[in-house]
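Trainee: Pasting a structure here, questions to come.
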Amino acid sequence: MSDGRTPVRRDGVLEQERAVRRRVEGRQPSMSDVAARAGVSHQTVSRVLNAHPSVRDETRRLVLEAIEELGYRRNAAARALVTRRTATIGVVTSGSALFGPTSTLIAVENAARDAGYFVSVATAARWDTAILTEALEHFMAQSVDGVVVIAAHDEAVSAVRAFPSPVPVVMVGPKEAPGTGVHAVTFDQYGGARLATRHLVELGHREVVHVSGPLNWLDARERALGWRHEVRAAGLAATPAVPADSWSADRGYEVGRDLLRDGLPTAVFAANDQLALGMLRAFAEAGARVPDDVSVVGFDDVDGSAQFYPPLTTVRQEFGELGRRCLRMLLDLLAGGDVDPVVVDARLVVRASTGAPPRRPD
C-alpha cells in the first residue's frame, strides 16, 4: 500500500522513478519532473530553489538530489517573467588588487551563489560620479535585483549618493547609509584599531606610533581615530599619525627608514599589513629587532601574514561573515523589510611581532 507520498516498489525499482525518466527522455526536465521525482509539490521545489527558510532539511535534501539526478536547470528568462526578478545582483568594486576589496568581492560572490543568485561585476578604474553612474546604469539595463558597491572611499560615497537607483543598494564601507535608498555594511575599523593599540599599551608601551593609510579612505580615518582614542584613554600622548599616501609595502619601507632616522619608537601600529611588511624589512636591514627593539601590529590579516618574519600580530577582518551579512541585508530589502546599518566585529590575532618594550637605561 502507498500513503500517497511513498512510491510503490516493483521489481526493486520505483515505478515513480521510471515514470519520471520516461517523461523527460528527449527533453529538458521541468520543475514538475523534479517535484514528481522527489515526491513533493511544485511549490516545495520552488521554495527550495529560492532558498526559502521554511523548508525542512530532509525535504530540501530530497529536492536537491532529484535536481542532480535529473540534471534540471532553471529557465532564468521564464523565472524573470513570473517573478519580475532576474536572481542577479550587480557588484561595483575598484580595479585595484588590494586585499580588502578583493576579499570582500569574493565573499559577496560566494554568499550570493549560496543564496541562488548570480553576480555581475563592474570595476571602476577610479572613483568618480561619471564612472560609477555608467556602471550602475549598465546594471539597470541588465535588470539586476540589487547592487552592492564595495568602496570605503570618499569619492565612491559621493558618487553613490548622486545616483537615484531604482533597486536597493548596499554599500560596503560607510558606517552609516550615505543617502536615501543606500544601506551600509562595514567592519568595525574603529574598534579593531582600538584593540591593536590596547594590546600594545597593555604590553607596557608608553609610545605607540600610528602609520595611517591614505586619509581619503574611510577605513584609514576610522583606524586612525580608534588609535587616537585608545592612546588618550590610556593617558598617553597622541602624537600626530605618520601619513602614508598609499597602502603599499614600498611606502611602509620608506616610513620604516624615516622612523629609524628620526628615533625609533618602541611600538608601531600600521594601518594595514602591507605597510607593516615594508617596515619589518626596513627594521631588519638596520639591525632593529622585532619585537625586542620595536613591536609592530598590522591590520587585515592578509594571507601569509603568519609567515612574515617575525609572524605579524594583526587585526583580522572576517570577510566571509561580511559577505553573508551583505547578502542578508540585500535579500531583506528585496523582501520589503526594514534594515539597520550592519557593523561586523574585527578581532586581534596575536603573533610574534609584539612584545614588552625594551628596558631603557636609567
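Trainee: Restricting to segment 90-145, count the residues that are hydroxyl-bearing (Ser, Thr, Tyr), outside any loop (DSSP other than H, G, I, E, B) and more than 15 Å from SER165 (Cβ to Cβ).
Mentor: Within segment 90-145, the first condition is being hydroxyl-bearing (Ser, Thr, Tyr), and the residues that meet it are 93-94, 96, 102-104, 117, 120, 123, 129, 133, 143.
Those left that are additionally outside any loop (DSSP other than H, G, I, E, B): 93-94, 102-104, 120, 123, 129, 133.
Remaining after also requiring more than 15 Å from SER165 (Cβ to Cβ): 93-94, 102-104, 123.
Number satisfying all stated conditions: 6.
Trainee: Can you confirm whether SER246 is part of a helix (DSSP H, G or I) and surrounded by fewer than 18 Cβ atoms within 10 Å (Cβ to Cβ)?
Mentor: Numbers: part of a helix (DSSP H, G or I): no; surrounded by fewer than 18 Cβ atoms within 10 Å (Cβ to Cβ): yes.
The answer is no for SER246.
Trainee: Can you tell me which residue within segment 136-152, out of those that are open to solvent by 20 Å² or more (accessible area, probe 1.4 Å) and of a type outside the set (D, E, K, R), is farthest from GLY323 (Cα to Cα)? Before the answer, list the steps.
Mentor: To start, the set of residues in segment 136-152 that are open to solvent by 20 Å² or more (accessible area, probe 1.4 Å) comprises 137-138, 140-143.
Within this subset, residues satisfying the condition of being of a type outside the set (D, E, K, R) are 138, 140-143.
On the way: HIS138: 23, MET140: 22, ALA141: 25, GLN142: 22, SER143: 22 Å.
So, considering only residues that are open to solvent by 20 Å² or more (accessible area, probe 1.4 Å) and of a type outside the set (D, E, K, R), the one farthest from GLY323 (Cα to Cα) is ALA141.
Trainee: Can you tell me which of HIS210, HIS199 is surrounded by 24 or more Cβ atoms within 10 Å (Cβ to Cβ) and either in a strand (DSSP E or B) or touching a Ser or Thr at 6+ places or on another chain (Cβ under 9 Å) (or both)? Spell out the reasoning first.
Mentor: Numbers: HIS199 fails: surrounded by 24 or more Cβ atoms within 10 Å (Cβ to Cβ).
That would be HIS210, the only listed residue that is surrounded by 24 or more Cβ atoms within 10 Å (Cβ to Cβ) and either in a strand (DSSP E or B) or touching a Ser or Thr at 6+ places or on another chain (Cβ under 9 Å) (or both).
Trainee: Grab the strands (runs of 3 or more DSSP E) fully contained in segment 281-348, keeping just those with 1 or more residues being open to solvent by less than 20 Å² (accessible area, probe 1.4 Å), in contact (Cβ under 8 Å) with a residue 60 or more places away in the chain and touching a Lys or Arg at 6+ places or on another chain (Cβ under 9 Å).
Mentor: Fully inside segment 281-348 and qualifying: 314-317, 342-344.
The values are calculated or read from the model by the stated rules, or taken from the named source; none is laboratory data. Everything numeric here is computed off the predicted structure, so don't read it as measured data. Ideal geometry is used to build each Cβ from the backbone, glycine not excepted, and the neighbour counts take in all protein chains shown. Accessible surface is based on the protein model in full, side chains and every heavy atom, while ligands, DNA and RNA are left aside. Shrake-Rupley method; radii C 1.70, N 1.55, O 1.52, S 1.80 Å.
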